[in-house]
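S.K.: Here you go, one structure.
The values are calculated or read from the model by the stated rules, or taken from the named source; none is laboratory data. Everything quoted here is computed from the prediction, not taken from an experiment. Note that we place each Cβ from the backbone using ideal geometry, even for glycine, and neighbour counts take in every protein chain shown.
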Amino acid sequence: MKYGLPQKFNDLYNKEATYAYFSPGRVNLIGEHIDYNGGLVMPCAITFGTYLLLTPNEDGIFRFRSLNFNDTANIPLQNGYQKIGDGWSNFPLGIIDHFSKDGHQLKGLDMLFYGDIPIGAGLSSSASIEMVTAFALNDIFNAGYSLLDLVKIGKAVENNFIGMNCGIMDQFAVAFGEKNKAIVLNCDTLDYEMVNSNLGKYVLVIINTNKSRKLTESKYNERVQECRVALKTLQKELDINYLCDIDAFTFKQYKHLITDETVRKRAKHVIEENDRVKLAADALANNNLPEFGRLMYASHNSLRDLYEVSGPELDTIVEYAKTNAGVAGARMTGAGFGGCAIALVKQDEFENFSLELNTYYTDKIGYAPSVYQSLIGNGVGSEMVSSEL
């Protein structure tokens, strides 16, 4: 196992770990800000994620330890649990709370978490922690949940225990991810299909802007409200439940109904982005990475100009990517206003890309980005407990 985690578990608890699990982070390849508009998203699991090593104990205590954070928690076994401050241990504690309230008889656990997902990068570290915990409890205590049940539990914990009003995409992607496959997911119906995504000579590059995202939540809620206004206006003449129930051609015929120019721009992005996901799925399935890259750039332009959730940092990354012949495409990913961009970069050009981007970005922004390469990986699952590094 990576990072010598079994030995570190032994050092902490003076015993061996008997179980080990891994849950990845995720990126959304295309389909941004449409999950709350009844549209399609295309996430994939990445090869960064969260490891969980654990051993049941006879003390009736849940012991939470992490190699990423100094704060720890020791929680006695009880019928229900409450959020404790804003620490990381609330994510696994929320899962434990849900299992307990569902009537499952749990035992104390000595747990060690380690994540190699860059903290605060918008790659779903919280969903990764939730899903690795849920999968582990389901496995160890034979709770009988399906993988989709665990996804729904993760979302419920995020919404009700943690208090974050997120959708289901993050938990779904880290649970159902498959190596070299993207997921085309309808966030409303949860219908999905796996799309072959062999990147060939390209790698998925994740670029963290390293910008603090303090305004994300307020701007996010603002965009949600603008989309509701657009939908309500279109419903005067169209029998639709979501903006993504129509395509760009239909929107062009009815966009005159929306008199507020800003609201019209928001709707135009959402509807055209939903169409782009369908085109992107076809491109990936046919190994047409140049076309997929073109759609990535088009998505970014729309998020910048119509939805206005980008910013100088994300735009600078995409601006540089367009000058590098080894890049098929790039775009911001996630809520925006900072966070991450992604790019498809030729494997043998990665080092050059990383160095040149670092210089270009630092000259314009004033500090360096963080650049990582990843493959499209598998979803949550068991790991072999081994002392190998």
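S.K.: Of all residues in segment 332-353, count the ones that are in contact (Cβ under 8 Å) with a residue 40 or more places away in the chain, at negative phi and of a type outside the set (A, V, I, L, M). Can you show your working first?
M.R.: Taking segment 332-353 first, the residues in contact (Cβ under 8 Å) with a residue 40 or more places away in the chain are 332-348, 350, 353.
Keeping just the survivors that are at negative phi gives 332-333, 335, 340-348, 350, 353.
Going one step further and asking which of them are of a type outside the set (A, V, I, L, M), we end up with 333, 340, 346-348, 350, 353.
Of the residues in that region, 7 qualify.
Conditions (1) within 24 Å of residue 166 (Cα to Cα); (2) among the hydroxyl-bearing types (Ser, Thr, Tyr); (3) at pLDDT 95 or above, marked per residue:
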{"residue": "300", "(1), (2), (3)": "yes, no, yes"}
{"residue": "317", "(1), (2), (3)": "no, no, yes"}
{"residue": "321", "(1), (2), (3)": "no, no, yes"}
{"residue": "352", "(1), (2), (3)": "no, no, yes"}
{"residue": "372", "(1), (2), (3)": "no, yes, no"}
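S.K.: Hey, among the residues in segment 62-80 that are touching a residue at least 40 places away in the same chain (Cβ under 8 Å) and in a loop (DSSP other than H, G, I, E, B), which one's surrounded by the most Cβ atoms within 10 Å (Cβ to Cβ)? Can you show your working first?
M.R.: Taking segment 62-80 as the starting set, the residues that turn out to be touching a residue at least 40 places away in the same chain (Cβ under 8 Å) are 62-68.
Checking which are in a loop (DSSP other than H, G, I, E, B) leaves us with 67-68.
Details: 67: 16, 68: 13.
Step by step, filter segment 62-80, then rank; the result is 67.
S.K.: Has segment 35-52 got at least one residue that is touching a residue at least 40 places away in the same chain (Cβ under 8 Å), farther than 28 Å from residue 191 by Cα and in the same structural domain as residue 126 (by TED's automatic domain parsing)? Reasoning before the result, please.
M.R.: First, the residues of segment 35-52 that are touching a residue at least 40 places away in the same chain (Cβ under 8 Å): 35-52.
Still in the list and also farther than 28 Å from residue 191 by Cα: 51-52.
Then keep just the ones that are in the same structural domain as residue 126 (by TED's automatic domain parsing); that gives 51-52.
Checking segment 35-52: at least one residue is touching a residue at least 40 places away in the same chain (Cβ under 8 Å), farther than 28 Å from residue 191 by Cα and in the same structural domain as residue 126 (by TED's automatic domain parsing).
S.K.: How about segment 154-166: which of its residues are surrounded by fewer than 16 Cβ atoms within 10 Å (Cβ to Cβ) and closer than 22 Å to residue 46 by Cβ? Spell out the reasoning first.
M.R.: Here is the first cut: in segment 154-166, the ones surrounded by fewer than 16 Cβ atoms within 10 Å (Cβ to Cβ) are 159-160, 163-165.
Within segment 154-166, 164 is the sole residue that qualifies.
S.K.: Which members of segment 178-196 meet the condition of being surrounded by 15 or more Cβ atoms within 10 Å (Cβ to Cβ), assigned to a strand (DSSP E or B) and either of a type in the set (Asp, Glu) or free of Cβ contacts under 8 Å to residues at least 12 places away in the same chain (or both)?
M.R.: Within segment 178-196, just 178 meets the criteria.
S.K.: Ok, one more. May I ask you to verify whether residue 110 is without any contact (Cβ under 8 Å) to a residue 24 or more places away in the chain, of a type in the set (Asp, Glu) and either at positive phi or out of contact with any Cys (no Cβ under 9 Å at 6 or more places or on another chain) (or both)?
M.R.: Values: without any contact (Cβ under 8 Å) to a residue 24 or more places away in the chain: no; of a type in the set (Asp, Glu): yes; either at positive phi or out of contact with any Cys (no Cβ under 9 Å at 6 or more places or on another chain) (or both): yes.
When the stated conditions are applied, residue 110 does not pass them.
S.K.: Got a sec? Which of 183, 153 is hydrophobic (A, V, I, L, M, F, W, C), in the same structural domain as residue 91 (by TED's automatic domain parsing) and within 14 Å of residue 132 (Cα to Cα)?
M.R.: Numbers: 183 fails: within 14 Å of residue 132 (Cα to Cα).
After ruling out the rest, the residue left standing is 153.
S.K.: While we're on this one: Within segment 327-335, identify whether any single residue is among the charged types (D, E, K, R), within 16 Å of the chain's Cα centre (by Cα) and not assigned by TED's automatic domain parsing to the domain that holds residue 116, and answer yes or no. Walk me through it before giving the result.
M.R.: So in segment 327-335, the residues among the charged types (D, E, K, R) come out as 331.
Of the ones still in play, those that are also within 16 Å of the chain's Cα centre (by Cα) are 331.
Still in the list and also not assigned by TED's automatic domain parsing to the domain that holds residue 116: 331.
For segment 327-335, residues among the charged types (D, E, K, R), within 16 Å of the chain's Cα centre (by Cα) and not assigned by TED's automatic domain parsing to the domain that holds residue 116: present.
S.K.: Then there is this: Looking at segment 328-387 only, could you name the residues that are more than 30 Å from residue 54 (Cβ to Cβ) and among the acidic types (Asp, Glu)?
M.R.: Listed by number, the residues that qualify are 348, 349, 351, 356, 363.
S.K.: Sticking with this structure for a sec: State whether one or more residues within segment 255-269 are more than 27 Å from the chain's Cα centre (by Cα), under 26 Å from residue 282 (Cβ atoms) and in the same structural domain as residue 289 (by TED's automatic domain parsing). Steps first, answer last, please.
M.R.: Of segment 255-269, the ones more than 27 Å from the chain's Cα centre (by Cα) are 255-262, 264.
Of the ones still in play, those that are also under 26 Å from residue 282 (Cβ atoms) are 255.
If we keep only those that are in the same structural domain as residue 289 (by TED's automatic domain parsing) too, we end up with 255.
Looking for residues that are more than 27 Å from the chain's Cα centre (by Cα), under 26 Å from residue 282 (Cβ atoms) and in the same structural domain as residue 289 (by TED's automatic domain parsing), one finds at least one in segment 255-269, hence yes.
S.K.: For segment 361-383, does any single residue satisfy the condition of being touching a Lys or Arg at 6+ places or on another chain (Cβ under 9 Å), among the hydroxyl-bearing types (Ser, Thr, Tyr) and under 20 Å from residue 195 (Cα atoms)?
M.R.: Within segment 361-383, not a single residue is touching a Lys or Arg at 6+ places or on another chain (Cβ under 9 Å), among the hydroxyl-bearing types (Ser, Thr, Tyr) and under 20 Å from residue 195 (Cα atoms).
S.K.: Continuing with this model, one more query. Of the residues 175, 143, which single one is part of a loop (DSSP other than H, G, I, E, B) and either outside the structural domain of residue 34 (by TED's automatic domain parsing) or farther than 28 Å from residue 11 by Cβ (or both)? Break it down stepwise before answering.
M.R.: Numbers: 175 fails: part of a loop (DSSP other than H, G, I, E, B).
Going through 175, 143 in turn, just one is part of a loop (DSSP other than H, G, I, E, B) and either outside the structural domain of residue 34 (by TED's automatic domain parsing) or farther than 28 Å from residue 11 by Cβ (or both): 143.
S.K.: Go through segment 347-369 residue by residue and tally those that are in contact with a strand residue (DSSP E or B) (Cβ under 6 Å, 6 or more places away or on another chain), surrounded by fewer than 20 Cβ atoms within 10 Å (Cβ to Cβ) and not aromatic (Phe, Trp, Tyr). Spell out how you get there, then give the answer.
M.R.: As a first pass, look at segment 347-369 and keep what is in contact with a strand residue (DSSP E or B) (Cβ under 6 Å, 6 or more places away or on another chain): 347, 350, 353-354, 369.
Narrowing further to those that are surrounded by fewer than 20 Cβ atoms within 10 Å (Cβ to Cβ): 347, 350, 354.
Add one more test, that the residue is not aromatic (Phe, Trp, Tyr), and what stays is 347, 354.
The number of residues fulfilling the criteria is 2.
S.K.: Hey, any hits in segment 5-27 for a residue that's over 30 Å from residue 57 (Cβ atoms), part of a helix (DSSP H, G or I) and touching a helix residue (DSSP H, G or I) at 6+ places or on another chain (Cβ under 8 Å)? Walk me through it before giving the result.
M.R.: Let us first name the residues in segment 5-27 that are over 30 Å from residue 57 (Cβ atoms), namely 26-27.
Filter once more, so that each one left must be part of a helix (DSSP H, G or I): none.
Scanning segment 5-27 turns up no residue that is over 30 Å from residue 57 (Cβ atoms), part of a helix (DSSP H, G or I) and touching a helix residue (DSSP H, G or I) at 6+ places or on another chain (Cβ under 8 Å).
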